[in-house]
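In what follows, a single structure is set out as structure tokens and then discussed.
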Amino acid sequence: MFRFVSTFLLLSLIGCVASPASSPQAAPPEAVGHSGFFDFVWDEHTGRILLHIDELESPFIYQTSLARGIGSNDIGADRGRLGDTKLVSFYRAGNKILLIEENLGYRANSSNRDEQSAVRQSFASSVIWGFTIEDSDDSRITVDATPFLLRDAMSLSAWLGSMELGQYKVDASRSAIYMPRTRAFPDNTEFEAILTLTGEPKGTLLASVVPDPRAVTVHTHHSFIRLPPPGYAPLPYDPRAGYLNPSYGGRFADYAVPINERIQSAFTRRHRLEKKQPEADWSEPVEPIVYYLDRGAPEPVRSALLDGARWWNEAFETAGYRNAFKVEMLPADADPMDVRYNVIQWVHRSTRGWSYGASVIDPRTGEILKGHVSLGSLRVRQDFLLAEGLLAPYAEESSSQAMEDFSLARIRQLSAHEVGHTIGLEHNFAASVDDRASVMDYPFPLIELDDDGEIDLSNAYDEGIGEWDKRAVLWGYQDFPDGIDDAAARAQILRDTLRSGLKYVADRDGRHVGSAHIDANLWDNGADPVVELNRLMTIRRIVIDRFSASNIAPDRPMATLEEVLVPMYLLHRFQLHAAGKVLGGGYYRYDLKGDDQPGFRPASPGAQREALAALLNTLTPSELVLPESLVTLISPRPPGFERDRESFDRKTRQLFDQFAPADAAIALTLEVLLEPTRGERLHAQDASEFGFGLRNVLDGLIAFGVESTRLPSREGEVQRRAQRAIINALARLLNGDTATPGVKAAAQEALERCRDYFNAAHSDDRLWHVHNRWMTNRIEAALEGESTTAPTVTPPPGSPIGATVEQR
């Protein structure tokens, strides 16, 4: 550890490349010199950047980013998106200068240079670019950096191609240096380029956000950053502490460790923070962590973003700091891409989408040099839509204040959440079962009923930082006085946290519908996922029964009721996932040998039966059928208000399809019940005589969804649709590529049972009679292996919903 620190302190001292006092040489006519970390000359006449290199083979950090994006959530090339952070250096070979990226995935953290060299020569590095020398003398080399800066540094062409949006390439004639954001500072030099990608578009996605999709023009940004000064001690990563997973670019192999130690290693990502008085219980920081809010964020959102981000100061107070974390408005002349500013950036897209918390990190040590938050502006409007659905506020002369309050409460939490990522913290998807112990969870609004049976949103979102967040910051940012063993002190903090009962489950164990940890859920509430699903179904029924024209503002087309209906009808979709994890799931922690944490504990057979009953209840036809009065309210779409993916699918052309919502809800439930990896865990429970397993789930599904009493009218149609969906889902399980042989065998047995049922079924109702024959033929085809193309239903998107791949 100490050998590693001293080695990199030496590298930092050697690698400080700057000569702000020197003047640019050989400046051409009409050229303007810029002095800073790297000096350069802007030649207005030729449109070139002439870069001056004063030292060779001295490492620095190179960061790319997207200063102006495409504006489509689907494409993902958003304003402010960060590229990879690289440790690079310049190397001269004859008349060439090579920019070489060091391979930090393999190291020897040792003071022995031969040991370091052996590792460096064993693994390949990457030459990012080759420059031709324009001029040189004993103290300086000048190269033309323009082609380097105008290349596709963010690999947008490859990205658009991978999304099948067309084959694009950079058009040099339509690309240029953007000088208003090209500057030099003492510790960083910033370049920005107008980059135009040309090609023939495929599909309509680019056309929806670009004036001419044959020419996609963005701004790419390049940062040359001085290595941070010495004094930062890397903190070894601990999977129990709640910091970001180093598998996403932070893990490395250290070949200098003794043979009895694990070669794989990683450092925790965090800002540098030190107390002025480490021996004091409370101290001002040597240098506070300051975040700056994008001036483009409007009021009242601006104030909400400031408030939420400032919650983190309370966590640093817990670690003994006074005024260590500040949030201010970005100076008017500042560039959000400038590495000197931690930024909360307000990003616009054509559709709602994820927000992100990213960081520029010293790849050697994990030190965060710049936090960069990107918040999607449509998220607040999605929350407003949720409030319209829940409150039906337009019955009389109304005020939007309650809906605005609801939306801003969520924005405060979102701001705190994404800033949490940029200070190093991972998601904690167990916080919702811990009385909302962390802002690093994804919060679904807590919807309650008051004494009069009315919807109450007064406690929809929590305020302030959580108890888990305070403990995580205490572990990662505490500054211990001299004479204290840092490692032992942090270990004690972690032991105390574990003993407190606070739970932590990371992103990887929560996001997938088939995940096994019962506590790890997105957009859920409550300590018991089954109890909460049943409670939410009750609230959902109340909301739908009261749904009316009062859910949309005056002068809106009645057809737009559907937009408000979608998140209300599917109000239970995320709690379905939470309850589903009880089936074949359990509880576990990230236990290390000797830390006395419990091992895996499966959910009891009784708990799994209760979960199955709650999940099957969501298929009840009376729960899925829409009130007839509501169906007649949703008119065909007028011009200018076309349907989009936020609407339910339909097979009725202009008319609202009253059964399409049921199809979507049924698909969501079956996705949970028949998820292949969950099926394998349940099959293992069958084999171990656990008392509940896959056959219990399939038997319950068939008894409830197929063999139950047949209903008339519209409820009967929902019932038939559910039966068709069940058979199609079992067919995909049997004939698809994802299920194991044991799960396939159970699916085959279930299909044979359904075939026998429909063969024996008789009905005087013509609809049911025809349905029986169709189902018999469908099952026979499935059993013969002809159903790999069984139709699927795609519900409207859920995440990120106003209460929202990461995976960050």
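Out of every Cα-Cα pair in the stretch 643-734, what percent are more than 23 Å apart?
36 percent
Rounded to the nearest 500 deg cm²/dmol, what is the calculated helix-only ellipticity per residue at 222 nm for the chain, with -39500 (n - 2.57) per DSSP H run of length n ≥ 4?
Rounded to the nearest 500, the figure is -10500 deg cm²/dmol.
Starting from the residue with the highest accessible area, list HIS34, HIS762 in decreasing order, probe 1.4 Å.
These residues rank, largest area first, as HIS762, HIS34.
May I ask for the distance between the Cα centers of the stretch 369-425 and the stretch 612-645, given as a whole number of Å?
Cα centroid to Cα centroid, the span is 25 Å.
What accessible surface, in Å², does a 1.4 Å probe find on GLU715, ignoring ligands, DNA and RNA and rounding to the nearest 10?
Here the residue's solvent-accessible area equals roughly 60 Å².
If eta is 0.692 mPa s and T is 37 °C, what Stokes-Einstein diffusion coefficient results for the stretch 307-400, Kirkwood Rh from Cα pairs, in µm²/s?
Rounded, D is 199 µm²/s.
Rounded to the nearest 20 debye, what is the charge dipole size of the stretch 652-808 about its Cα centre when +1 sits on each Lys and Arg Cβ and -1 on each Asp and Glu Cβ?
So the dipole magnitude of the stretch 652-808 works out to roughly 380 debye.
Counting only heavy atoms of the protein chains, get the accessible area per residue of the stretch 642-754 (1.4 Å probe) and round it to a whole Å² value.
About 41 Å² of surface per residue is accessible.
Apply the Karplus parameterisation 6.51 cos²θ - 1.76 cosθ + 1.60, with θ equal to phi minus 60°, to every residue of the stretch 317-330 and state each ³J(HN,Hα) to the nearest whole Hz, in sequence, with x for glycine and proline.
Couplings: 4, 4, 8, x, 9, 10, 6, 8, 10, 10, 10, 10, 6, 5 Hz.
Under a 1.4 Å probe, what is the accessible area of the stretch 100-231 per residue, stated in Å²?
Spelled out: the 1.4 Å probe surface of the stretch 100-231, per residue, equals 48 Å².
Which is farthest toward the positive dipole end of the chain among GLY599, TYR168, HIS517, measuring Cα position about the Cα centre, with Cβ charges +1 (Lys, Arg) and -1 (Asp, Glu)?
With unit charges placed on the Cβ atoms, the residue in question is TYR168.
Rounded to a whole number, what is D in µm²/s for the stretch 340-384 from Stokes-Einstein with the Kirkwood radius over alpha-carbon pairs (20 °C, 1.002 mPa s)?
Stokes-Einstein gives a translational diffusion coefficient of 182 µm²/s.
Would you please report the Å³ per residue occupied by the convex hull of the alpha carbon atoms in the chain?
199 Å³
Sort LEU502, LEU386 by accessible area with a 1.4 Å probe, largest first.
LEU502, LEU386
What does the charge count around ASN735 come to, taking other residues whose C-beta lies under 10 Å from its C-beta (Lys +1, Arg +1, Asp -1, Glu -1)?
-1
Two decimals is fine: what's Rg over Rh for the stretch 531-664, C-alpha atoms, Kirkwood radius as Rh?
We get a ratio of 1.15 for the stretch 531-664.
So for the stretch 82-225, considering every pair of alpha-carbon atoms, how many percent are separated by more than 23 Å?
The share of Cα pairs beyond 23 Å in the stretch 82-225 comes to 51 percent.
Which of the listed residues, PHE574, ASN428, LEU375, is farthest toward the dipole's positive end in the chain, when Lys, Arg count +1 and Asp, Glu count -1 at the beta-carbon?
Towards the positive end, the residue furthest out is PHE574.
Which percent of the accessible heavy-atom area of the chain goes to carbon and sulfur, probe 1.4 angstrom?
Of the solvent-accessible surface of the chain, carbon and sulfur hold 50 percent.
Net charge around VAL564, counting only other residues with Cβ within less than 10 Å of its Cβ (Lys, Arg = +1; Asp, Glu = -1)?
With Lys, Arg at +1 and Asp, Glu at -1, the neighbours total -2.
Report the number of Lys pairs in the chain whose alpha-carbons are under 15 Å apart, with separation of 8 or more residues or on distinct chains.
Qualifying lysine pairs in the chain: 4.
For the stretch 395-519, take the convex hull of the Cα atoms, compute a quarter of its surface area, and give me that in nm², please.
Its Cα hull, projected and averaged over all orientations, spans 11.1 nm².
Name the GluC sites (Glu not before Pro) in the stretch 431-494 that are in a loop by DSSP and that have at most 14 other C-beta atoms within 10 Å, would you?
GLU454, GLU463
Go through the stretch 515-601 and name the trypsin sites (Lys or Arg not before Pro) that are in a DSSP coil and have 12 or fewer other Cβ atoms within 10 Å of their Cβ.
Here the trypsin sites (Lys or Arg not before Pro) that fit, given the DSSP loop and packing criteria, are LYS593.
Test of understanding: express the Cα radius of gyration of the stretch 659-700 as a ratio to 2.2 N^0.38 Å, with N the residue count.
1.39
For the stretch 286-342, what class follows from the C-alpha gyration tensor (a ≥ b ≥ c being the square roots of its eigenvalues): rounded when a/c is under 1.5, otherwise prolate if a/b is larger than b/c, else oblate?
oblate
Relative contact order of the stretch 637-776: what whole-number percent is it, with Cα pairs under 8 angstrom and at least 6 residues apart?
Normalised by residue count, the contact order of the stretch 637-776 is 20 percent.
Compute, for the chain, the length of the dipole vector about the Cα centre, with Cβ point charges of +1 (Lys, Arg) and -1 (Asp, Glu) only. Units Debye, rounded to 20.
1560 debye
Rg to Rh ratio, the stretch 167-321, alpha-carbon atoms and Kirkwood radius?
1.08
Just the Cα atoms of the stretch 160-256, one point each, no solvent: what log10 I(q)/I(0) does Debye give at q = 0.12, 0.14 Å⁻¹?
-0.73, -0.84
In terms of the Cα gyration tensor, with a ≥ b ≥ c the square roots of its eigenvalues, is the stretch 655-808 rounded because a/c is under 1.5, prolate because a/b exceeds b/c, or oblate?
Note, shape of the stretch 655-808 comes out oblate.
If I take every Cα pair under 8 Å that is 6 or more residues apart in the stretch 189-295, average their sequence separation and divide by the length, what percent do I get for the relative contact order?
RCO, the stretch 189-295: 18 percent.
Projecting each Cα onto the charge dipole of the chain (Lys/Arg +1, Asp/Glu -1 at the beta carbon, about the Cα centre), which of HIS417, GLY203, SER500 comes out farthest on the positive side?
Farthest along the dipole direction, towards plus: GLY203.
Could you list the GluC sites (Glu not before Pro) in the stretch 569-674 that lie in coil according to DSSP, counting only those with at most 10 other Cβ atoms within 10 Å of their Cβ?
Taking the stretch 569-674 and a limit of 10 other Cβ atoms within 10 Å, the loop GluC sites (Glu not before Pro) found are GLU642.
Given axes a ≥ b ≥ c from the Cα gyration tensor, I'd like to know whether the stretch 329-480 is rounded (a/c under 1.5), prolate (a/b larger than b/c) or oblate.
oblate
Run through every distinct alpha carbon pair of the stretch 70-131 and return the Kirkwood hydrodynamic radius in angstroms, one decimal place.
Evaluated on the stretch 70-131, it is 14.5 Å.
The values are calculated or read from the model by the stated rules, or taken from the named source; none is laboratory data. This is a predicted model, so every value here is computed, not measured. Quick reminder, even Gly has a Cβ in these numbers, built from the backbone with ideal geometry, and neighbours come from all protein chains shown. Surface areas here come from the heavy atoms of the whole protein model, side chains and all, with no ligands, DNA or RNA. Shrake-Rupley method; radii C 1.70, N 1.55, O 1.52, S 1.80 Å.
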